[in-house]
1. Which members of the range 93-120 meet the condition of being of a type in the set (A, V, I, L, M) and either in contact with a helix residue (DSSP H, G or I) (Cβ under 6 Å, 6 or more places away or on another chain) or surrounded by fewer than 12 Cβ atoms within 10 Å (Cβ to Cβ) (or both)?
2. Take the residues in the range 1-30 that are of a type in the set (Ser, Thr, Tyr) and assigned to a loop (DSSP other than H, G, I, E, B), then tell me which one is farthest from the chain's Cα centre (by Cα).
3. Got a sec? Which of 110, 89 is among the β-branched types (Val, Ile, Thr) and assigned to a helix (DSSP H, G or I)?
4. Give 144, 123 a once-over and let me know the one that is polar (S, T, N, Q) and either in contact with a helix residue (DSSP H, G or I) (Cβ under 7 Å, 6 or more places away or on another chain) or modelled with pLDDT of 90 or more (or both).
5. Given the criteria loosely packed, with under 11 Cβ neighbours inside 10 Å and modelled with pLDDT of 90 or more, does residue 156 qualify?
6. Name the pairs whose Cβ atoms lie under 8 Å apart, with the first residue in the range 32-53 and farther than 26 Å from residue 17 by Cα, the second modelled with pLDDT of 85 or more and assigned to a helix (DSSP H, G or I), and 6 or more positions between them or separate chains?
7. Can you spot a residue in the range 139-149 that is in contact (Cβ under 8 Å) with a residue 60 or more places away in the chain and either part of a strand (DSSP E or B) or among the hydrophobic types (A, V, I, L, M, F, W, C) (or both)?
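The values are calculated or read from the model by the stated rules, or taken from the named source; none is laboratory data. Just so it is clear, the structure is predicted and the values come from calculations on it, not from any experiment. So basically every Cβ, Gly included, is an ideal-geometry build from the backbone, and we count neighbours across all protein chains shown.
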Amino acid sequence: MLRLLSYTSEYAALLPLVLHAAAAQEDYAPLAAQYLMVERAYAQTIAVGMHNSVVCSEDVPLFAAYAIDRARLAATYLGTRQLDGLESVCRVWPRGPVDADLHAPLTSEVPALLLSGSDDPVTPPANAHEAARAFTHHLDLVLTGFGHGQLTAPCVDRLMAQFIARPSVEALDVSCVRAARPLPFFTSPNGPPP
C-alpha cells in the first residue's frame, strides 16, 4: 500500500498525515481511503493482461541470466514478493514471439522527449539518461522533487501538446517545467502549511 502511495507527489503529500492518523489515533480510514483511490485509478489505467504478456515474453525469461541476490532482495522493503509474483504468473501466462533484435542497441533520428521525476522510486532519471543515448534529437527533463508519472505535473500537459503539435525538442519552452514543484506535505486535512 505504501509503495503505491509513494509513486506520485500528489499521493505522497498525504502520506505523513494519514500515517500519523493511523499511528497516533488508530484511525486507519484516511489511509485505507487513499489506498482505494490509488488502486482504482491504477486499475483503470493499467492493462494488467497486456503488462503480463509483455513482461512474461520479454523480461522474466532473462531473469535466469542474472545473478539475483535473493537474500539481499529479501532484506528490502518489498522483499522478493514482486519477483516471485512475476515468476509465478509467467509460469502459466501465454508468451508471444519476441524479435531477435529486441535487445539490440537502438539509434533513432526521431525526436524524443524524456520526462523523469528526481524522486521516482520505479523508473529513476538514470533510466531516461540511458535511453537518451539512443536518440540524436532528445530532451531529457528531470522534474525536481517529483515521483513517478510526470504527466500530471504542472504544465507538462502544455509541454506534451507542444511536442505533439511540432515534434521537435529544439524549440520547446520548458521554463514552466523547470519551475514546477511537487505538492508539499499536508500537515492537516486542510492541506499544506501556508
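1. Hits for the range 93-120 are 98, 100, 102, 104, 106, 110, 113, 114, 115.
2. Taking the candidates together, the pick is 28.
3. Residue meeting the stated conditions: 89.
4. 144
5. Criteria not met by residue 156.
6. Every condition considered, the pairs that remain are 52/89; 52/90.
7. Checked the range 139-149: at least one residue is in contact (Cβ under 8 Å) with a residue 60 or more places away in the chain and either part of a strand (DSSP E or B) or among the hydrophobic types (A, V, I, L, M, F, W, C) (or both).
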